[in-house]
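Chemist: This structure is in structure tokens; I'll ask about it shortly.
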Amino acid sequence: MTMAAVLKRMHLNYRPHGFRSSFRTWVAEETDHQFEVAEAALAHTVSNKIVAAYQRGDLFEKRRILMQDWSEFVLGNHQ
């Protein structure tokens, strides 16, 4: 089930893209996570062809840690 469908089923008038914007702002302003990790977490592609040619990893472990931090923040478990 998509996030939009979950929100609709809960009768909440929110849009998933708002969550993405909030996430990106939170990463930039409240964390020390790298820009590239946040962009990868949002499935954004690298627009610079040279960087894209050399950056071939998926940053999976760093994205996992970032998303765990986001989860704790959203759930109010952050410090």
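The values are calculated or read from the model by the stated rules, or taken from the named source; none is laboratory data. Computed from a prediction, not measured in an experiment: that's the story for all the values here. Every residue, glycine among them, receives a Cβ derived from its backbone with ideal geometry; neighbour counts consider all protein chains shown.
Chemist: Please find, within the range 1-38, the residue that is surrounded by the most Cβ atoms within 10 Å (Cβ to Cβ) out of those that are part of a loop (DSSP other than H, G, I, E, B) and polar (S, T, N, Q).
Modeler: It comes out as Thr31.
Chemist: So, one more: Taking Asp58 and the conditions (1) of a type in the set (Asp, Glu); (2) part of a helix (DSSP H, G or I); (3) modelled with pLDDT under 95, which numbered condition does it fall short on, given that it satisfies the others?
Modeler: Only one criterion is unmet by Asp58, namely (2).
Chemist: While we're on this one: Condition first: surrounded by fewer than 11 Cβ atoms within 10 Å (Cβ to Cβ), over 23 Å from Ser21 (Cβ atoms) and either among the charged types (D, E, K, R) or at pLDDT below 95 (or both). Can you find one or more residues in the range 65-77 that meet it?
Modeler: no
Chemist: Additional query: Being exposed (fewer than 10 other Cβ atoms within 10 Å of the Cβ) and either at pLDDT 90 or above or within 14 Å of the chain's Cα centre (by Cα) (or both) is the filter here, so list the residues in the range 39-55 that pass it.
Modeler: Ala43, Thr45 - these are the residues of the range 39-55 that are exposed (fewer than 10 other Cβ atoms within 10 Å of the Cβ) and either at pLDDT 90 or above or within 14 Å of the chain's Cα centre (by Cα) (or both).
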